[in-house]
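The values are calculated or read from the model by the stated rules, or taken from the named source; none is laboratory data. Here the structure is a predicted model, which is why all the values come from computation and not from measurement. Note: ideal-geometry Cβ built from the backbone for every residue, glycine included; neighbour counts use all protein chains shown.
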Protein chains: 2
Amino acid sequence: MKQHLSRFLFALVLLSQTILSSPSVSLAKGQRSKRVDLIVSGGTVVTMDKDRRVIEDGAVAVAGGRIVAVGKRSEIESQYAARDVVDARGRAVIPGLVNGHTHVPMTLFRGIADDLDLNEWLTKYIFPAEAKNVTEDFVRVGTQLGLAEMIRGGTTTYCDMYYFEDAVADETERAGVRGLLGETVIDFPVPDNKTWADAMRYTDSFVRKWKGNALVTPAIAPHAPYTVNEQHLREVKAFSDRTQAPIVTHVSETRKEVEDITRDHGARPVEYLARIGFLGPRDVFAHTVQINDAEIALLKQNGVGAVHNPQSNMKLASGVAPVPAMLRAGVAVGLGTDGAASNNDLDMWEEMDTAAKLAKVATFDPKVIPAEEAFAMATITGARALHMDADIGSLEAGKRADIVIVDLDSLHQTPRYNIYSHLVYATKAADVRTVVIEGRVVMRDRRLLTLDEEQIKQKARAYRERVSRSLSALRPISDSSIAECGFRIAD
Amino acid sequence: MKQHLSRFLFALVLLSQTILSSPSVSLAKGQRSKRVDLIVSGGTVVTMDKDRRVIEDGAVAVAGGRIVAVGKRSEIESQYAARDVVDARGRAVIPGLVNGHTHVPMTLFRGIADDLDLNEWLTKYIFPAEAKNVTEDFVRVGTQLGLAEMIRGGTTTYCDMYYFEDAVADETERAGVRGLLGETVIDFPVPDNKTWADAMRYTDSFVRKWKGNALVTPAIAPHAPYTVNEQHLREVKAFSDRTQAPIVTHVSETRKEVEDITRDHGARPVEYLARIGFLGPRDVFAHTVQINDAEIALLKQNGVGAVHNPQSNMKLASGVAPVPAMLRAGVAVGLGTDGAASNNDLDMWEEMDTAAKLAKVATFDPKVIPAEEAFAMATITGARALHMDADIGSLEAGKRADIVIVDLDSLHQTPRYNIYSHLVYATKAADVRTVVIEGRVVMRDRRLLTLDEEQIKQKARAYRERVSRSLSALRPISDSSIAECGFRIAD
């Protein structure tokens, strides 16, 4: 009798678990539903597929980290039963955002030196600050901070270039975020490697270690054509050809760069890179602000992806990238935040909004980049720019399950007329509610599940003290022109 | 005995209320403290006074709707005892933000037509949509929606121009927000007044009704020099001279306006307005995008305030206002969001950030508008642009108590090095925590106290249905070029 009761209770538990774990999944009569891991159920599904389908009251089924079906909620729920259901009713369901260019550990330098031009900022402030502060632990803490901020804002994939990139990769995988992560190589001693040979050895072992990882794609990141010489750039290209590792780099960010390269090499940056055989379909070029039509044609011809960083380019007064011309020529142009030291955040919603608006005012053409195209730059076109569009950038069966659920009814979003306009011009990072990467829920109802927010903040504040102390000639703002910066690093 | 107990309990209640209502106010021994209504206690007080004092662990004492003292927390708390204390420790305490130009009821048109140039947008979409939808009730609901969004984002004063401005004023006073509110007058029939004479009569009674109100300053708002003829502009000026009501208007927003005015009047817009005696120290000119140095000199000479709307100017591809040149010439330049139909939000944090960045990229000078100056444009300089700096724009004894408490430790704000950079480049509207206007707490710990957020959203959604239905030739996005807009209004 006791045994019978126990069996009965066990059966009851099993039954209740099944019911509880799939609260909104109803099955068609007599049909056996397929088991999946997760269903995102209800809401406006903005697929960004080739037909740009927008499915009202849609759903997305996920299994094994991949999307298995996208469709009407009624269809999906009649065919699939899930262990876990995310209720997205009344919300937008969008592809995870792709931050095409950043230096994630630089979150710890957020705001150390503002309102300066790129050259002064880089040589007098950022490079010295990095030399004095950047260690593997610094990189880990800064990466955690940046990852937490990016998840909160709905970014699921980011392209990074920094030092100790193996630690960046480790933290990224641990947090469950997708990264195209490039180890920076450059012609002067940097925190992780003191010689070119050391840097190339580090990169080789970094690429071998992470190749084939589901979340991390390892890459090599020569800093820029003005900080890496021709011989070294050729080595980078040969390395990429041998390992198939992507190359991420800064190209043509400022007028000064164009002048310097032209003086030293007799050609503009993209032309120079083409001449030395550097261009190819694994290249990702950040910025491409100061490029002409011939250079745009070279990018297209060679399958190079470009990443536009509107807020960074504005803040550092670099110029306005010819994004409409690049898009017209068929170049894949993604969007990036750049590092938090030059932006000063990792907010892709602001980049979308700014990309659309900056292109309009720069061309006096308000139709030149409509909201939908700006949204594409942050999703599918951004994925193409990183050469990752076979895997991410849209909600389609077969792609990796990087899915973001966004509130649509905050005050600043009320009322709603057009979904793309709503997402690009009215939605903020704070409206992101739930984030799924590789089928795993990493933020649920605004609670981070893979990172400890309070602990990260504490560690970041401790680094703030160290960074401040390390800047030996620390002077308060009133000492220098207020226009320049809060604190100064000794030259 | 019973009576004794009751008295004792009553005394206990009084005592506990006193203790509870001033938890962090300690009095110097033997010193009698002055009674005030409110103390904002602790935090980094960013005064924006003439010395630009930033007081760490500061406090602000408030009585009768005005600031009575600003200083170190220890000093303030030794001199004052308050009925209510707002704990601002670890936060920033800043002057309420000044949104220098908007059309608040247009929140209900947020996103009805995007990615269009100003002329097409205005004549084919906005004016017809207004003709079909704008009633006094529409204006009330839209105003409530916009006020709620502005309070949430830390805006305490706004300058408006719309129709049924008496209803806007009524809602504004009720919500406890400060407004410089202009009734729009224009040379064609509009929702509230069908003739010029009616509009002037409405405005006269509107100005008489609200003059002297603590929160609402009534104004007259001729739409623009291209929609109001010379004779009518002269009447507006005479009205303002007689009533002392401010004049708010759009001036030199686009190149087309400059061409049209030059063709019709043989002078550029500001020159034309100077010639007809329209310029004066009660004028507030929104936009001033397409103005030259001679026109800037005229603004300065005549004490005209200017309001820069960077995001609207970008989105409508109007151009980049010469803000650095205006500031150098001594013109007070504030910041505005413009209406939500052309932005698409009322977020002053994004305007500050964009103003600083847009000026940099437009001039190739990253130092041209540093963070502190952008923050001033949203506070004290913005108050000067509205001719209200005697009352608002900074935290100083004697000014009206418009005070905003802002979180400083969100992920996207971590770590912190420089307060102005932090506020302008990293802080978001969602970081605003508590808002005080005229000494009254209108939002506390992100809870709106004077407006019912859910009810407003419901009413706004109902208007969304009406607006959509009213647009008779409503066509889905796929009918027309996706580049153009979501919905079309019949011509």
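Here are a few things to note about the model shown:
- Scan the stretch A:341-352 for residues that are facing another protein chain (nearest Cβ under 8 Å) and crowded, with 24+ Cβ neighbours inside 10 Å and the total you get is 5.
- Here the stretch A:416-439 is the region considered, the condition is being part of a loop (DSSP other than H, G, I, E, B) and under 20 Å from the mean Cα position of the chain (by Cα), and the residue that is nearest to B:ALA430 (Cα to Cα) is A:LYS428.
- Any chance B:GLU438 is in contact (Cβ under 8 Å) with a residue 24 or more places away in the chain and more than 9 Å from every other protein chain (Cβ to nearest Cβ): yes
- A:LYS132, sole failed condition from (1) surrounded by fewer than 20 Cβ atoms within 10 Å (Cβ to Cβ); (2) outside any helix (DSSP H, G or I): (2)
- Scope the stretch A:174-229; condition under 17 Å from A:GLU130 (Cβ atoms) and either part of a strand (DSSP E or B) or hydrophobic (A, V, I, L, M, F, W, C) (or both); matching residues: A:GLY182, A:GLU183, A:THR184, A:VAL185, A:ILE186, A:PHE188, A:VAL190, A:ALA199, A:ALA221, A:PRO222, A:ALA224, A:VAL228
- Checking the stated criteria, A:GLY319 turns out not to satisfy the condition of being closer than 20 Å to A:VAL104 by Cβ, in the same structural domain as A:GLY100 (by TED's automatic domain parsing) and either modelled with pLDDT of 95 or more or touching a His at 6+ places or on another chain (Cβ under 6 Å) (or both).
- Which listed residue is within 14 Å of chain B (Cβ to nearest Cβ) and under 27 Å from A:TYR158 (Cβ atoms), from A:GLY319, A:GLY303: A:GLY319
- The number of residues in the stretch B:238-265 that are under 19 Å from B:GLN301 (Cα atoms), assigned to a loop (DSSP other than H, G, I, E, B) and among the hydroxyl-bearing types (Ser, Thr, Tyr) comes to 1.
- Condition check for A:SER410 on (1) buried (at least 21 other Cβ atoms within 10 Å of the Cβ); (2) of a type in the set (S, T, N, Q); (3) under 22 Å from B:SER312 (Cα atoms): one failure, at (1).
- Residues in the stretch A:207-222 that are surrounded by 17 or more Cβ atoms within 10 Å (Cβ to Cβ) and more than 18 Å from A:ILE392 (Cβ to Cβ): A:VAL207, A:ILE220, A:ALA221, A:PRO222.
- Whichever residue in the stretch A:396-415 is in contact (Cβ under 8 Å) with a residue 40 or more places away in the chain and not in a loop (DSSP other than H, G, I, E, B) and, among such residues, is nearest to the other protein chains (Cβ to nearest Cβ): A:VAL406
- Among residues of the stretch A:239-250 that are at pLDDT below 95, none has a Cβ under 8 angstrom from a residue that is of a type in the set (Asp, Glu) at a sequence gap of 6+ or on a separate chain.
- In the stretch B:266-288, the residues that are part of a helix (DSSP H, G or I) form Cβ pairs under 6 Å with partners that are of a type outside the set (A, V, I, L, M, F, W, C), at six or more places apart or across chains, as follows: B:PRO269/B:PRO225; B:PRO269/B:SER252; B:VAL270/B:GLU295; B:TYR272/B:HIS265.
- Odd one out for B:ALA167, checked against (1) of a type in the set (A, V, I, L, M); (2) in contact with a Leu (Cβ under 6 Å, 6 or more places away or on another chain); (3) without any contact (Cβ under 8 Å) to a residue 60 or more places away in the chain: (2)
- When B:VAL307 is tested against (1) in a strand (DSSP E or B); (2) surrounded by fewer than 24 Cβ atoms within 10 Å (Cβ to Cβ), just one condition goes unmet, and that condition is (2).
- Restricting B:VAL331, B:VAL361 to those that are free of Cβ contacts under 8 Å to residues at least 60 places away in the same chain and either more than 13 Å from B:HIS308 (Cα to Cα) or facing chain A (nearest Cβ under 8 Å) (or both) reduces the list to B:VAL361.
- Positions within the stretch B:142-177 being touching a Pro at 6+ places or on another chain (Cβ under 8 Å) and either modelled with pLDDT under 95 or surrounded by fewer than 24 Cβ atoms within 10 Å (Cβ to Cβ) (or both), in sequence order: B:ALA169
- Verdict on B:ASP389 being in contact with a helix residue (DSSP H, G or I) (Cβ under 8 Å, 6 or more places away or on another chain) and among the charged types (D, E, K, R): yes
- Taken residue by residue, the stretch A:110-117 has no member that is more than 26 Å from the chain's Cα centre (by Cα), at pLDDT below 95 and either not aliphatic (A, V, I, L, M) or not assigned by TED's automatic domain parsing to the domain that holds A:ALA221 (or both).
- Taking the stretch A:376-387 as the range and being buried (at least 24 other Cβ atoms within 10 Å of the Cβ) and either touching a strand residue (DSSP E or B) at 6+ places or on another chain (Cβ under 8 Å) or away from chain B (no Cβ under 14 Å) (or both) as the test, the residues that pass are A:MET377, A:ALA378, A:THR379, A:ILE380, A:THR381, A:GLY382, A:ALA383, A:ALA385, A:LEU386.
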